[in-house]
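Supplied in structure tokens, the structure appears directly below.
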Amino acid sequence: MTDLVPRREAIRLLQADRRATEALIATLSARALTTPGLGGGDWSAKDLVGHLESWEEHALAALDAWSSGWPAPIDRALRERGTPTVNEEEVARKASRSLAKALSSASATHDALIAALRGIDDQAWARPPTSRQRRPLGVRVGQILAGRDELFRHDQAHQPDLRSLAR
């Protein structure tokens, strides 16, 4: 899971997987979108939308930090609190939003991420994000947006739960 995915391919994967996620969400009733139990857990589909958005926000914050030579804030959060705690904090932070707000905010964040990735040239994509890091920028961004086994496949990793909910 550490091979550099070409930038254009990363953008293509992110966009295709998001379209698939949105298509699955569109099949759900408003009640199904807001009822906890997704994947046998405590999240609703609305919570999942916020979760996916949070990791895209983390990627945007990382890009911003790296452009100034700083480490990504998410790296520190993960070291100090771990992935499960970070996920729960983000879901709790967004829990009071309406379904409409969750969907529109996630869409805007996704668009901002795609625009930011388009703004990176291929040479920068292949270089480490800071002088203290060894992995290329494209790998680091891909790890933030990773699914279970693949860089940039976070949406795809959650789609089986949405498919189950849709049935």
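Which one is surrounded by the fewest Cβ atoms within 10 Å (Cβ to Cβ), of the residues in the range 104-128 that are in a helix (DSSP H, G or I) and in contact with a Lys or Arg (Cβ under 8 Å, 6 or more places away or on another chain)?
Among those residues, the one meeting the criterion is Asp122.
Answer yes or no as to whether Ser68 is hydroxyl-bearing (Ser, Thr, Tyr) and farther than 30 Å from Trp43 by Cβ.
yes
Okay, next question. Give me a count of the residues in the range 1-28 that are farther than 13 Å from Arg163 by Cα and either surrounded by fewer than 17 Cβ atoms within 10 Å (Cβ to Cβ) or in contact with a Leu (Cβ under 6 Å, 6 or more places away or on another chain) (or both).
Of the residues in the range 1-28, 13 are farther than 13 Å from Arg163 by Cα and either surrounded by fewer than 17 Cβ atoms within 10 Å (Cβ to Cβ) or in contact with a Leu (Cβ under 6 Å, 6 or more places away or on another chain) (or both).
I would also like to ask the following. Looking at (1) assigned to a helix (DSSP H, G or I); (2) under 17 Å from Glu56 (Cβ atoms); (3) charged (D, E, K, R), which is the one condition that is false for Asp161?
Only one criterion is unmet by Asp161, namely (2).
Which of (1) at pLDDT 95 or above; (2) touching a Ser or Thr at 6+ places or on another chain (Cβ under 6 Å) is the odd one out, the single condition Ala20 does not satisfy?
(2)
Given the conditions (1) touching a residue at least 40 places away in the same chain (Cβ under 8 Å); (2) in a helix (DSSP H, G or I); (3) surrounded by fewer than 18 Cβ atoms within 10 Å (Cβ to Cβ); (4) acidic (Asp, Glu), report the number of the one that Glu150 does not fulfil.
Going through the list (1) touching a residue at least 40 places away in the same chain (Cβ under 8 Å); (2) in a helix (DSSP H, G or I); (3) surrounded by fewer than 18 Cβ atoms within 10 Å (Cβ to Cβ); (4) acidic (Asp, Glu), Glu150 breaks only (2).
Are any residues in the range 80-99 closer than 14 Å to Leu48 by Cα and surrounded by fewer than 12 Cβ atoms within 10 Å (Cβ to Cβ), and if so, which ones? Before you say what the answer is, go through the steps one by one.
Going through the range 80-99, the residues closer than 14 Å to Leu48 by Cα turn out to be 84, 86-99.
Pro84, Ala92, Arg93, Ser96, Ser98 - these are the residues of the range 80-99 that are closer than 14 Å to Leu48 by Cα and surrounded by fewer than 12 Cβ atoms within 10 Å (Cβ to Cβ).
In the range 31-71, what residues are buried (at least 17 other Cβ atoms within 10 Å of the Cβ) and outside any helix (DSSP H, G or I)?
The answer is Trp43, Ser44.
Okay, next question. Counting only residues that are aliphatic (A, V, I, L, M) and assigned to a helix (DSSP H, G or I), which one in the range 87-103 is farthest from Lys46 (Cα to Cα)?
Out of the qualifying residues, it is Ala92.
The values are calculated or read from the model by the stated rules, or taken from the named source; none is laboratory data. Please read all numbers here as calculations on a predicted model, not as lab measurements. Here the Cβ is made from the backbone with ideal geometry for all residues, glycine too, and neighbour counts use every protein chain on show.
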